[in-house]
Amino acid sequence: GNGGFCGWVGGVGETTSSRGERGERRAAADAEGRRSLSSWLASVSSIAVFAASAFMPSSAFAENELAAMADGKFNPDLVSSECFATSCRAPTKACFEDSGCKKGLMCTARCLGDSACITGCFARFGNDVLNEGLKCWIEDYKCINIAIMEPGNDAPEEVPAPPLALATSFSTASMEGEWYKVLGWNRQYDCFDCQKNTFHDTAGGSSATQPATVDVDFSMISKKSGREAQSNEFRMHEKLLFDQEFVSSSAGGKMKSRRTAHTEGRMFGLTFWENWYVIGENKPNEPEFKFIYYTGKTLQNTYNGAFVYARQPELPREAMNSVYKLAREAGMDPEKFCRIRNACFLSDRDASLEPAAQMSTAASPAGGGSGGSGASELARLNTWTEFPLQIRAKALWFDILDYVEDPMSAASWMYDQQQKMRWDASVVQVDRASPAVRSD
């Protein structure tokens, strides 16, 4: 799932804490909710300045700048500036030689703990250089060390219960191949564009010795100041293991599994772990769909969400009644689901973003389209100073806009592009009397 957006923190290995302590930590994290996430996200601002300090003569300057930037929310004990300059020197240096990575860090610093704002920064500036930096700074060497959760998948007895009983007719082999996410419940994690998941090696099911793999494709729309909107494509991979009906608890006893499967993945350089619950699927006379609920965690946070898979980019009309009813039975308000925009997979592909792609190319020095110089002419230029002054000035202006633009406003615009699911009137009448008790 895309739930890794909400924490972006991971790790490997077990600690010496007791299982009881682990359960207490999870309960505390659940109780704190977004507040614990905000603590981590606010501390991300430390990366921007402390990483810079690795290449500055004075680390005191970095601390002063960071204190001002974080408005008193920064705890210097959580960060090792020496780590940036030693253990993570290579990715730190690479980041400060990469425009997108630098802009991404400064963008997150200005978010001051707002998770939606941070997501917007990744939509606009996320790249492999930034991913490698985050992996080193937070996960590999803990240059910033604020983990409150233990790494690894939940023990069977710690898996949260699903909001609805697991689908008894579910077959692991039915997941094989391509599925499109067509509906999402949590707008912060589930509602990005062009979502396709491709499952491999699922036939072994719960008896498989190797995990199935999932190729996750999605895109995030973004709009940088002074330019048209553009869609940025991302790909990640997850390992998925199906649970047996009965599993061994930490104490060695047998218990009925509460989940269908558990996964591990890496997003924006960092690890997340999720529990998947198949709480509904199509009837024999309906188009294929799967209703998935999930809970997940990073080292810093827990989260949950839900989505619907279909074999085509849009939810088939013939499946709407069943999906609507399942949502209400699970305590989720169907009216709050988003319709995931999958026009990119349709034959009549939405062309509304094509100008954005052209503008994003033109914004780069080699993009062409400015100052009367053609792409073929620009292609032969080797150094920055050889580019026409008009192109250099335009690129510099866009750089300035990227650094000064309000990241909160940019993220708000991105979320405003999500589409609410519109159900047919006949569908809305289905089981209308049953209460919908959850909308978070």
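The values are calculated or read from the model by the stated rules, or taken from the named source; none is laboratory data. This one's a predicted model, so the numbers in the text were calculated from it and none came from an experiment. Methodologically, a virtual Cβ is constructed for each residue, glycine included, from the backbone with ideal geometry; neighbour enumeration extends over all protein chains shown. We work out accessible area using only protein heavy atoms, side chains counted, and drop any ligands, DNA or RNA first. Shrake-Rupley method; radii C 1.70, N 1.55, O 1.52, S 1.80 Å.
So which of S174, S206, S222 ends up being outside any loop (DSSP other than H, G, I, E, B) and in contact with a Gly (Cβ under 8 Å, 6 or more places away or on another chain)? Of the residues listed, the single one that is outside any loop (DSSP other than H, G, I, E, B) and in contact with a Gly (Cβ under 8 Å, 6 or more places away or on another chain) is S222.
Meeting the requirement of 1 or more residues that are surrounded by 12 or more Cβ atoms within 10 Å (Cβ to Cβ), at pLDDT 90 or above and not aliphatic (A, V, I, L, M), the helices (runs of 4 or more DSSP H) wholly within region 366-426 are 389-404, 407-416. If you check I292, I279 for being within 21 Å of the chain's Cα centre (by Cα), open to solvent by less than 10 Å² (accessible area, probe 1.4 Å) and modelled with pLDDT of 95 or more, only one passes: I292.
Restricting to region 76-114, name every residue that is in contact with a Cys (Cβ under 6 Å, 6 or more places away or on another chain) and within 29 Å of M414 (Cβ to Cβ). Result: P91, C95, C101, G104, C107, T108, C111.
Report whether or not L112 is of a type in the set (A, V, I, L, M, F, W, C), modelled with pLDDT of 95 or more and open to solvent by 20 Å² or more (accessible area, probe 1.4 Å). In short, no. Residue count for region 199-234 under the criterion of being of a type outside the set (D, E) and open to solvent by 20 Å² or more (accessible area, probe 1.4 Å): the result is 19. Listed by first and then second residue, the pairs with beta-carbon distance under 6 Å, at least 6 apart or on different chains, first residue in region 128-145 and open to solvent by 70 Å² or more (accessible area, probe 1.4 Å), second at pLDDT below 90 and in a helix (DSSP H, G or I), are N145/L78.
Screening R259 on (1) over 17 Å from the mean Cα position of the chain (by Cα); (2) open to solvent by less than 10 Å² (accessible area, probe 1.4 Å) shows it passes everything except condition (2).
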